Amino acid sequence: MNESLDALQPTMFREVFEHHFTWASGFERNIHRYADRPAMTDLPSGRHWTYAELGRDTGRLVAGLAARGVGKGDLVAYQLYNCPEFAMLYIAAQGLRAVSSPSNFRLAAGELAHVFDQTRPKVFVYDVRLADQVAHALELADFNPQTLAGVGSGELLPGAIRFDELLADEAPSFHAPDDASTWDWTSLLFTSGTTGMPKPVPLTSLNEVLTAHDVIMHFPLNAHESTLNMSPWFHRGGNYCAGPNTMFYLGGEVVIMPKFDADAVLDTIAERGLAYVVGAPTNLERLADAQERRPRDLSSLSGIVTMGAPWRGPPPCATSACSAPASPTGTAPPRASGTPTCVPTTCRRAPAPPGMPASTTMWRWSGCSTTAPPPPMSWPPRTTRRWVRW
């Protein structure tokens with residue numbers, strides 16, 4: 001190849017893409033770009049962080065973990081409910097080119113011991129409410145982590161330290177590693193183990209980035225929005241579907257709710273003007289029932305995210321609070337006299353989206369007819385739900 005063509009080789013692009021197009025670089029960008037914006041709010045404790053504050057605390061955690069020997073490729077494991085410490089461990093591991101590995105808090109002791117033996121983590125952080133389960137797992141496992149840290153105010157296991165002791169007293173704010181790579185192994189998730197013992201699933205920094213981009217584009221989300229996180233973060237659907245992965249990369253706010261409560265969810269949406277709620281599909285009916293019992297102003301709500309499938313608000317024609325059809329081919333059940341009744345005008349099985357197996361089922365309800373002028377909307381009608389079963 002001649003010299004003029006050699007000069008056009010995408011060397012600079014490769015350098016930027018392979019070493020700076022990392023999730024850690026995106027988070028570092030936001031602690032400066034959105035320094036004074038809210039990054040994380042923990043509803044149970046009332047604690048909250050701006051992006052600058054979260055950058056400082058995760059920088060301290062990076063330094064504290066490094067002082068305990070955590071470096072590139074080392075595993076930082078934790079078994080926690082949704083809490084600020086969970087989010088900080090997820091971030092800090094990527095600041096060390098280490099691997100973040102959350103475990104399901106419902107694992108039996110034998111399953112957790114299996115995780116220890118398979119992954120051999122240097123650090124394990126646990127919720128003190130799970131102490132008995134963790135102690136049993138440590139007895140069963142052939143490998144024990146060199147550092148144990150507890151989150152919460154209960155009694156610690158022998159040899160364990162408080163999570164705050166992992167934070168260095170003095171440290172620079174979070175900084176993406178200069179020698180990082182988009183191909184760095186950053187996360188290790190575990191399957192539920194329904195067909196055997198839990199199985200590890202590795203993710204790279206590029207997986208982290210592209211997942212965030214995908215969610216941001218398809219919801220869509222912007223940096224001024226907040227999401228209520230009640231779906232467990234150890235699950236890919238919880239962390240990566242408008243949870244810490246997406247929101248911290250975007251510059252939005254993560255609002256933490258460790259346990260689902262329908263009334264608390266609706267009150268929080270109304271009080272804080274939240275755009276999205278991340279939760280399990282089984283919670284939708286409970287939310288609808290709670291809203292019908294005590295209506296709130298949910299006008300800020302753009303969607304309810306059910307493990308990757310956004311439930312959008314209704315089209316303009318469907319503004320009455322209707323009951324869901326009994327089946328995908330049924331009609332709305334009758335309501336009391338004088339109450340508008342919606343009937344789905346389109347209720348069909350849609351083709352599978354491009355790139356998905358032809359067997360994928362996607363039901364869509366759209367449109368409605370009413371027997372009386374619709375009242376002001378207090379909750380998106382169930383007949384206009386868009387539900388995708390992946």
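The values are calculated or read from the model by the stated rules, or taken from the named source; none is laboratory data. These numbers come from a predicted model, not from an experiment. Methodologically, a virtual Cβ is constructed for each residue, glycine included, from the backbone with ideal geometry; neighbour enumeration extends over all protein chains shown. The protein model used for the area step is the full one, side chains on, heavy atoms only, and it has no ligands, DNA or RNA in it. Shrake-Rupley method; radii C 1.70, N 1.55, O 1.52, S 1.80 Å.
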Taking a straight Cα-to-Cα line shorter than 24 Å from residue 122, and setting aside same-chain lysines fewer than 8 residues away, one finds 72, 199
Taking 0.36 nm per residue of separation between residue 178 and residue 9 and subtracting their Cα-Cα distance, the length gained on full extension comes to 58.5 nm
Env charge @ residue 16, Cβ radius under 15 Å, K,R +1 / D,E -1, value -3
If the label point sits 7 Å along Cα→Cβ of residue 210, residues of the range 6-44 with amide N under 17 Å come out as 14, 17-24
Residues whose modelled amide H sits under 5 Å from the amide H of residue 43, counting only those 5 or more places away in sequence or on another chain, are 256
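Suppose R0 equals 41 Å. What FRET efficiency, 1/(1 + (r/R0)^6) with r the Cβ-Cβ distance, do residue 146 and residue 289 give to the nearest 0.05?
On the way: r = 49 Å, r/R0 = 1.18.
Step by step, r from the Cβ atoms, then E = 0.25.
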Percent relative contact order for the range 105-242, counting Cα pairs under 8 Å at least six residues apart, stands at 16 percent
Here the relative contact order (percent) of the range 19-256, from C-alpha pairs under 8 Å and at least 6 apart, is 25 percent
If each K or R counts +1 and each D or E counts -1, the residues other than residue 73 whose Cβ falls under 12 Å of its Cβ total +2
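Give me the extension gain from residue 132 to residue 156: residue separation times 0.36 nm, minus the current Cα-Cα distance, reported in nm with one decimal.
Working: separation 24, 0.36 × 24 = 8.64 nm, distance 1.02 nm.
Net length gain for the segment: 7.6 nm.
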For the range 62-116, the percent of accessible surface on carbon and sulfur atoms (probe 1.4 angstrom, ligands and nucleic acids excluded) is 51 percent
Karplus-derived 3J(HN,Hα) from phi for the range 91-99 (6.51 cos²θ - 1.76 cosθ + 1.60, θ = phi - 60°), whole Hz, x at Gly and Pro, runs 6, 4, 4, 6, x, 10, 6, 8, 10
Computed over the range 19-256, protein heavy atoms only, probe 1.4 angstrom, the accessible area per residue in square angstrom equals 39 Å²
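Can you pull out the trypsin sites (Lys or Arg not before Pro) in the range 216-287 whose DSSP state is coil and whose Cβ has at most 16 other Cβ atoms within 10 Å?
259
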Applied in sequence order to the range 213-222, the curve 6.51 cos²θ - 1.76 cosθ + 1.60 (Karplus, θ = phi - 60°) yields integer Hz couplings, x standing for Gly and Pro, of 4, 4, 5, 4, 6, 8, 6, x, 10, 9
A convex hull over the alpha carbons of the range 19-256 yields, per residue, a volume in Å³ of 116 Å³
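What number, in percent, do you get for the relative contact order of the range 1-81 if the mean sequence gap of Cα pairs under 8 Å and at least 6 apart is divided by its residue count? Intermediate values should be presented prior to the final figure.
Details: 37 pairs, mean separation 14.2, N = 81.
Relative contact order for the range 1-81 comes out at 18 percent.
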Length gained if residue 199 through residue 300 is fully extended, taking 0.36 nm per residue and subtracting the Cα-Cα distance, is 32.4 nm
Rounded to the nearest Å, the spacing of the alpha-carbon centers of the range 189-240 and the range 40-79 is 18 Å
Total charge of the residues flanking residue 48 in space, meaning their Cβ is under 13 Å from its Cβ, with Lys and Arg +1 and Asp and Glu -1, is -2
